[in-house]
Amino acid sequence: MNQLLIATNNNGKIQELQSLLSDLNVELLTPSQIGLDIDIIEDGLTYAENATKKAVAFAQASGLISIADDTGLEVDALDGAPGLYSKRYGSSENEGKELPDHERRRYLVRQLQDTPRPWTARFRATIALAKDGDVQLSEGICEGEIIPEDRGANGFGYDPIFLFPELGKTMAELSMDEKNRLSHRAKAVMKAKESLEVLFTG
């Protein structure tokens, strides 16, 4: 059976990617399962650069086809911030260290409190697949709004404050089935599956 390495140490991302890829006839592996401990500095200028950097590093270290993503939240009232710096957003308030998810959400809402709602935003995900230096990229976007208070327990990162207005639910209130249809990561993975078939047969 073909093997695919999920190139991240983020447990939330691992669980989501495992669910999104579960219909493939491949063995999904995580870095900890194969004793791989790599910490990638995400200093690219685009989501694609960061995703590529992660996928290539894990593929080279493991010899396996690797899948990585880079994701950002883009808030219109903040001129697209936090964007590439979504994970590190607000770290200047914490001696340069990353804030826990809930504190990062509160920091974001504080930046918006003097701006009229709705606070329109989008999640953007870029997926990179790497094999022997060959990299395939795909992108997914979902549109929504930021709300001031956390809602839901089925997500991580900014999910509890990202609302789908047409559903009346935040990303963290979606069932896994709904998230696997609607999320930015799901849309990017759907496109990536076609590239995966080519990489496994090529």
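The values are calculated or read from the model by the stated rules, or taken from the named source; none is laboratory data. Fair warning: this is a prediction, and the values are worked out from it, not measured in the lab. Quick reminder, even Gly has a Cβ in these numbers, built from the backbone with ideal geometry, and neighbours come from all protein chains shown.
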D114 fails exactly one of the following numbered conditions: (1) assigned to a loop (DSSP other than H, G, I, E, B); (2) more than 20 Å from the chain's Cα centre (by Cα); (3) touching a residue at least 12 places away in the same chain (Cβ under 8 Å). What is the number of that condition? (3)
Across segment 162-202, the tally of residues that are assigned to a helix (DSSP H, G or I), farther than 16 Å from E16 by Cα and touching a helix residue (DSSP H, G or I) at 6+ places or on another chain (Cβ under 9 Å) stands at 0
By residue number, the members of segment 134-156 that are under 21 Å from E16 (Cα atoms), out of contact with any Asp or Glu (no Cβ under 7 Å at 6 or more places or on another chain) and not in a strand (DSSP E or B) are D150, A153, G155
Return yes when E93 is within 25 Å of N154 (Cβ to Cβ), loosely packed, with under 14 Cβ neighbours inside 10 Å, of a type in the set (D, E) and in contact with a helix residue (DSSP H, G or I) (Cβ under 9 Å, 6 or more places away or on another chain) and no when it is not. no
Scope segment 43-91; condition more than 14 Å from the chain's Cα centre (by Cα), among the hydrophobic types (A, V, I, L, M, F, W, C) and more than 14 Å from R124 (Cα to Cα); matching residues: L45, V56, A57, F58, A59, A61, L64, I65, A77, L78
Of A48, A68, the only residue that is touching a Ser or Thr at 6+ places or on another chain (Cβ under 6 Å) and of a type in the set (A, V, I, L, M) is A48
If you go through segment 168-176 one residue at a time, do you hit one that is modelled with pLDDT under 95 and either closer than 30 Å to S62 by Cβ or surrounded by fewer than 18 Cβ atoms within 10 Å (Cβ to Cβ) (or both)? yes
Matching residues in segment 175-202 - criterion: being aliphatic (A, V, I, L, M) and within 21 Å of D70 (Cα to Cα): M176, L182, A186, A188, V189, M190, A192, L196, L199
Note on A125: of the conditions (1) among the small types (G, A, S); (2) in a strand (DSSP E or B); (3) over 12 Å from the mean Cα position of the chain (by Cα), unmet is (3)
Of the numbered conditions (1) surrounded by fewer than 16 Cβ atoms within 10 Å (Cβ to Cβ); (2) without any contact (Cβ under 8 Å) to a residue 12 or more places away in the chain; (3) not small (G, A, S), L99 satisfies every one except a single condition; which is it? (1)
Filter result for the condition that a residue is touching a Gly at 6+ places or on another chain (Cβ under 9 Å), crowded, with 21+ Cβ neighbours inside 10 Å and closer than 26 Å to V189 by Cβ, over A130, A55, A125, A68: A125
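So for segment 76-83 (the condition being at pLDDT 95 or above and within 18 Å of R185 (Cα to Cα)), does at least one residue qualify?
Yes: one or more hits.
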Inspect segment 109-122 for any residue being under 27 Å from A192 (Cβ atoms), in contact with a Phe, Trp or Tyr (Cβ under 6 Å, 6 or more places away or on another chain), modelled with pLDDT of 95 or more and crowded, with 18+ Cβ neighbours inside 10 Å and give the result as yes or no. no
What residue, of L17, L28, L36, is surrounded by 15 or more Cβ atoms within 10 Å (Cβ to Cβ), at pLDDT 90 or above, in a strand (DSSP E or B) and of a type outside the set (S, T, N, Q)? L28
